[in-house]
Amino acid sequence: MTGSRAKPDLKIPVEDRLFSLVLALLATETGLLKAEILSTVRGYAERYEKHGTNANLERQFERDKDEIRELGIPLETVESPDRPGDNQALRYRIPKGQYDLPDEVRFTPDELALLALAGEVWRGASLSEDSRRALTKIRGLGIEPREPVIGYAPRLRVRDAAFEPLRVALDRRQQVRFQYLKPGELAPRRRRVEPYAVVLHEGRWHLHGLDVDAEGLRTFLLSRIVGQVEISSQTFDAAPEGIQDRILAELDELRLSNAADLAVTAGSDAEVRLGKRAVRGDEDAGVIRLHFTDVAAFADELAAFGPEVRVLAPESLRTAVRDRLRIVAEAHAAAESEEIR
Amino acid sequence: MTPRRQALRAPDKLVFLLSLVPYLIEQQVIGVDEAAAHFGVPEEQIREAVRLIAMSGLPGDTGTYQSNDLFDIDWDAFEDGDEIVIVHHVAIDEAPRLAAREAAALIAGLQYLAALPENADSTALASLMEKLRAGASATPSGLAIAEPAADASLTSIRAAITGGRQLEFDYLNALGEGGRRRADPLRILSQDADWYLQAFCHTRDDVRNFRVDRMSALVVTDEPVADHTGLEVPETLFQGSSSDLDVVVDVAAEALPLLADYLADSSTAQIGDRLRVTLRLAHVHGLKRLVAGLPGLVTVVAPAEARTAVADWASAGLRGYEETSVPEG
C-alpha cells in the first residue's frame, strides 16, 4: 500500500476528501496552515497549483470546514501568537479529546433499541437526517442492540413551515425575523426574535425567545407565523440552560388554569374521545370538564365535533366555537343564499 | 418492513466512515455481512467504505501519503473471505461525538416516546437523555416535546401483541356505529397525539386501523392470534381505495400541510387567494369533521352532497347554541 493508489487523474469523491481532511486535522497537535492543507491533503493536493492563487480550492476548503462543523466535529482555528489577525498564519486542527465520544457515554442494548425507536419518530421529517447520523455514530461503539422494539410505529409530524428555519437558527444562535399574526389582531406584525426554545405542547409547536423590539421574553405559536422566517446573521449568547423545560412547565400551568365544561352526546365520538381526557365527569348529565391551553386551538378541535359537543363554559370558548361553526355553515350554505348576501 | 433506501449525501458518507473505523478496530475480525447487519446498510456499502478506508490516511511529513501513514487491511481476508481485519490504523480509534442538533433530535424523539405507558417510569429515559447530552459536542438546542400520556389501554394492547393473544373491544367507528370487535393485534401506530391499533379484524375479515381512543371495554383474550405472515399490512395510516370519495376543496395556502394526508394527487390550482385541491377520504363523515375543525381555512366545492353534509354538520352544531343562547347585548 503506497500513495501511488491515489492517482492524480482520478476524481476524488467528496467524502474521500472530507475523510482525509478530518484525519489530517485530528493527527496534528499544533494545527496545519491552510497552505499545508491545500498542498498535501488528498482531494485538494491534486488540484493545488504551486504558484497559483488557488482561489477555488480555498473556497472549497471554507465550505468543507462548515460541513464538518455541522456534523458536530470540533474543527478549531488557532491564531498565530506572533502574527495575530493574519489569515495566512491561521492554523486548523481537531483536538482529539473533544472529538472522541467520552468514555462514560456507553449504551446498554435496551437503550440502543429505544434510541432506534426514538429515531423512527421523525420518519419523513427533517429531523430524521440528524437522528440517522446520531444512530450511525452510536453504532460505531459496537454495542449490539437488543432485538428492535416490535409492535410500534410511532410518528410525529412537523407541519409548520416555520419549524425548520427556526431549528437551524436555534442551533446557530441566530436572530430570526418573521410576520406574526397575534390572535385578535387583524394584520400581522413584523417581529425580531432571538430564539431560545422550540417546544411541542398539546400538539402545537411554540417558539420561545427574546422579542428584540419589545425587549422581553415572548412565546409564539408557529402556526401563526405568516410567510417566511428569515434568519439574520446577527448572533446572540447561549440561551439560559433548560429554558425549554421551564417553558413547557409554564404552558402546563396555563393549561391547568383553564377549564371547560362540555355537554357531550351520549354514545358519540365526542363522548368517547373527549371523555378520556376529562378531569371530571357526570355521566348521567353528559357533562365533562377538560383543561385546555389556548381558546382558539381548543375551539378548532371542538368545532370538528359539530353537534356532538356543546360548550357550557367558559363564555369565551362558547363564543369561539359558535363563531367557528357559523363560519363553516355560512361558507357551505347553498348557492342561492350566496346570491342573497 | 424494509425502509426505503435513499442515496447518501457526502456528509452522511463521512459520518459512516468515521463510525465504521472504530467499530472495525474494536471487532478485530468481522464479516462484511455482520458489519452490514450492525449498521443496517447493504453489504456493498460496507465493502466500498472499507476499500476507501484502506487507501486513506495522513499526508505525513513529506506530504506524500507513505504506507506507514495509511490505514491497512488484510487484503486476502477481505477479497477471499469477505472479512475485514484492520492491521494498521491512523488518527482515529473512537466513535465521534454527536452534533448538538443530532442529540437534540434523539432527545426530542425520546420525549415523544415518554407518552407510552411502558415509559411511565421516566428515570430510564432521563438517564438516557443525559448520556446523549454528555455525548454531544455542544449543548443540544432547546427542542422539547410534551405529549399527554397515551391511552392506558396501550399497555393491554402491547401485552396482547407480545403474547400473541386476540383482543376484544367495543369500537365506535367514524360513522358513529358502535359494535363489539375481535381482532389479532399487529402493531401500534401513532401520528402525533393520536394512537392507532393496526389489527386483523375477525369481524371484518381484513386489516383495519382502530383509533385507540375510540376503543373501550378492552379485553385480552386467551385465544392465540392466527399466523399472519405474508399478510399485506399498509405502511401508512390512510389508504386510498377506489371506493373512496374524491372531494374538491379550496384551501388557504398556509393550511395545505394540514391536508397532506388526504390529498388525492399533487395538483393544485390557484383560485383567488386559495388553492384548489382534491382530497380522497373514506366517506363524508370524516370530511365533515375535518373541514369543521379547520374553520375558515377549507371550503368544499364539490360534490354537492359533500358540501351539504358539511353545512348540515356545522348548522346542527350551531343550533345547539341558539336554543340555549343567552340574549346578546
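Bear in mind that the values in this text are calculations on the coordinates, not laboratory data. The structure displayed is predicted, hence computed values, not measured ones. Please note: Cβ atoms are built from the backbone with ideal geometry, for glycine as well, and neighbour counts cover all protein chains shown.
Numbers below:
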| item | result |
| --- | --- |
| Hull shadow area, averaged, the protein assembly as shown [alpha-carbon convex hull, nm²] | 36.0 nm² |
| Whole-Å semi-axes of the ellipsoid equivalent to segment B:251-329 (Cα gyration tensor, √5λ, descending) | 27, 15, 10 |
| Dmax and Rg, reported as Rg then Dmax, of chain B (C-alpha, Å) | 27.5, 92 |
| Those residues of segment A:178-212 whose amide nitrogen sits under 18 Å from the label point placed on A:GLU230, 7 Å along Cα→Cβ | A:178-181, A:188-195, A:211-212 |
| Assigned charges on the beta-carbon of Lys, Arg, Asp, Glu; chain B dipole about Cα centre (debye) | 1300 debye |
| Computed label-point distance, nm, for sites A:ARG289 and B:GLU130 using a 7 Å Cα→Cβ extension | 3.8 nm |
| Alpha carbon convex hull of chain A, volume per residue in cubic angstrom | 264 Å³ |
| The protein assembly as shown, helix-only ellipticity at 222 nm - DSSP H runs n ≥ 4, -39,500 (n - 2.57), divided by all residues, nearest 500 | -11000 deg cm²/dmol |
| Debye log10 I(q)/I(0) at q = 0.11, 0.17, 0.18 Å⁻¹ for segment A:1-138, Cα point scatterers | -0.55, -1.02, -1.08 |
| Among B:SER190, B:LEU281, B:ILE161 the positive-end extreme of the charge dipole of chain B (Cβ point charges) | B:LEU281 |
| Residues B:SER216 and A:ALA296, FRET efficiency given R0 of 35 Å [Cβ-Cβ distance, rounded to 0.05] | 0.70 |
| Dipole-positive endmost among A:VAL311, A:LEU21, A:ILE138 within chain A (Cβ charges, Cα centre) | A:LEU21 |
| R0 of 22 Å, Cβ-Cβ distance A:GLU36-A:GLN98: FRET efficiency to nearest 0.05 | 0.55 |
| Inter-probe distance in nm under a simple model that places probes 7 Å from Cα toward Cβ, at B:ALA304 and A:LEU254 | 4.6 nm |
| Percent of C-alpha pairs per 10 Å bin, segment A:163-240, short to long | 20, 58, 21, 1 |
| Surface/4 estimate of mean projected area, convex hull on alpha-carbon atoms of segment B:10-88, nm² | 5.3 nm² |
| Set A:LYS50/A:LYS137; A:LYS34/B:LYS131; A:LYS182/B:LYS288; A:LYS65/A:LYS182; A:LYS11/A:LYS34 screened for pairs whose C-alpha atoms are more than 30 Å apart | A:LYS50/A:LYS137; A:LYS34/B:LYS131; A:LYS65/A:LYS182 |
| Charge-dipole axis of segment A:102-157 as Lys and Arg at +1 and Asp and Glu at -1 on Cβ define it, positive-most pick from A:GLY124, A:GLY151, A:ALA113 | A:GLY124 |
| For segment B:86-177, radius of gyration divided by Kirkwood radius, i.e. Rg to Rh on alpha-carbons | 1.20 |
| Distance between modelled label sites at A:TYR48 and B:ASN209, nm, 7 Å Cα→Cβ extension | 5.6 nm |
| Normalised convex hull volume, segment B:97-149, alpha-carbon set, Å³ per residue | 58 Å³ |
| Highest-fluctuation residue, B:VAL298, B:VAL41, B:VAL310 considered, GNM on chain B with Cα pairs under 10 Å | B:VAL41 |
| Percent of C-alpha pairs per 10 Å bin, segment A:272-330, short to long | 22, 57, 20, 1 |
